[in-house]
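Quick notes on the structure that follows.
Read-outs throughout are calculated quantities, based only on the coordinates presented, and are distinct from any laboratory measurement. This one's a predicted model, so the numbers in the text were calculated from it and none came from an experiment. Cβ placement follows ideal geometry from the backbone for every residue including glycine, while neighbour counts extend to all protein chains displayed.
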Amino acid sequence: MSAEQELSFGVETITPEIAAAYLKRKGANRNISHLRVQRYAREMQRGDWLLTGEAIKFCNGQLMDGQQRLLAVIESGVSVRMPVIRYRKGEPMTQLKWSQGGARPEPFPKPV
């Protein structure tokens, strides 16, 4: 990585207050799926939310990925641990650099 690019990564405890603050820095994101937000919130409330590699992502201080997970934290009223990546670059990064497409498949099958 050049001197003009920096990447920081960590796992943070995201409280509803932190989620609200992060959402104020929202950049270009997908349309909100309220059903997905509700499903995530129920998982968080039950304690079923898993720490995975799916990170909240910022570029130059702007939230680029994770709005639905952050909304679910607020809706659930509980704190959860999530990876957070902060990327700084000389020029703005487009959403296409992060991910392609709309819906994503479930990462793991549900336990039976």
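Once backbone amide H atoms are built at 1.01 Å from N, residue 59 has 64, 87 as its partners under 5 Å, excluding neighbours fewer than 5 places away on the same chain.
About its Cα centre, what dipole magnitude does the range 1-71 give when the only charges are +1 on Lys and Arg Cβ and -1 on Asp and Glu Cβ, stated in debye to the nearest 20?
About 420 debye.
Computed across the range 6-90, the Kirkwood radius stands at 12.8 Å (inverse of mean 1/r, all Cα pairs). Since only 44, 60, 21 are under comparison, the one whose Cα sits farthest along the positive direction of the charge dipole of the range 6-90, derived from C-beta charges on Lys, Arg, Asp and Glu, is 60.
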